[in-house]
Amino acid sequence: MKFEDFEEKEISSELIFDGKVVRLMRYNVSLPNGQTSTREVVRHVGAVCVVPITDQGEVICVRQFRYPFAEVLLEIPAGKLNSKGEDPIEAAMRELTEETGASCDELISLGDLYPSVAIFDEVIHMYLATNLKFGESHPDDDEFLETVKIPLDKMVEMIMNGEIKDAKTQTAILKASNYLKDARR
């Protein structure tokens, strides 16, 4: 079977749930072998995450309670887009300032992350922020955060030791570390 032959074609769709952050859809699809199947997909507007790194090589992170896991997780600043059409760079700048009080003149793209390809259509746009300037943070009314600075090398070590479980943080930190090592060469 050729790669082009893998595509599934939608026969019908049904909205199961329409919430504040996600929509759950059920699709009946035609498979490449002629059979039919059901796909349930969580639709999401998209998100951004930022690796803000200081001139001293420290990453500004946030600690926050994550309800699905009932624990406080260490993450990089992140947030959802306000709409599908929102410029991810503008959203990244907004989230960086909201959560950390930092701003930057330029964001460097680290690419896109598909965090759970079997059931979510969420795309997380990842960025590296350097040459930071600091002001006041102003998290959303329902966000309770603590900011911490951790050396980039220490964060890589924490990821490899299983101490950082968040997928976007793992991916963006490892990509930022690689990018910065290549830039120094």
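Numbers for the structure displayed
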item: Relative contact order computed over the stretch 1-98 (Cα-Cα under 8 Å; 6+ residues apart), in percent; result: 19
item: Cross-link pairs LYS84/LYS154; LYS84/LYS175; LYS84/LYS168; LYS133/LYS168; LYS20/LYS149; LYS9/LYS165 - those with Cα-Cα distance over 28 Å; result: LYS84/LYS154; LYS20/LYS149; LYS9/LYS165
item: Label point distance in nm, ASP18-VAL117, each placed 7 Å from Cα along Cα→Cβ; result: 3.1
item: Net length gained if the chain between ILE89 and ARG26 were fully extended (0.36 nm per residue, minus Cα distance); result: 19.5 nm
item: The stretch 71-76 - phi-based ³J(HN,Hα) in whole Hz, Karplus 6.51/-1.76/1.60, Gly and Pro as x; result: 8, 7, 10, 8, 9, 8
item: Taking HIS125, HIS138 and counting other C-beta atoms within 10 Å, the order from fewest to most; result: HIS138, HIS125
item: Distance in nm between pseudo-label sites at MET158 and ARG66 (7 Å out along the Cβ direction from Cα); result: 1.3
item: Paramagnetic reach from GLU58 (point 7 Å along Cα→Cβ, amide N under 18 Å) across the stretch 147-185; result: 147-158
item: For the stretch 23-35, Karplus couplings with θ = phi - 60° (6.51, -1.76, 1.60), whole Hz, Gly/Pro x; result: 10, 10, 10, 10, 10, 9, 10, 9, 8, x, 8, x, 6
item: In Hz, Karplus ³J(HN,Hα) per residue of the stretch 80-85 (6.51, -1.76, 1.60; θ = phi - 60°; x = Gly, Pro); result: 7, 5, 6, 7, 4, x
item: In the stretch 1-101, the trypsin sites (Lys or Arg not before Pro) that fall in loop regions by DSSP, at most 11 other Cβ within 10 Å; result: LYS2, LYS20, LYS84
item: Per-residue Cβ neighbour rank within 10 angstrom, fewest leading, LEU110, LEU15; result: LEU15, LEU110
item: Residue exposure sequence - MET158, MET126, MET93 - by fewest surrounding Cβ within 10 Å; result: MET158, MET93, MET126
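Every number in this text was worked out from the coordinates using simple rules, so none of it is lab data. Being a predicted model, the structure only gives us computed values, none of them experimental. We place every Cβ from the backbone using ideal geometry, glycine too, and count neighbours over all the protein chains shown.
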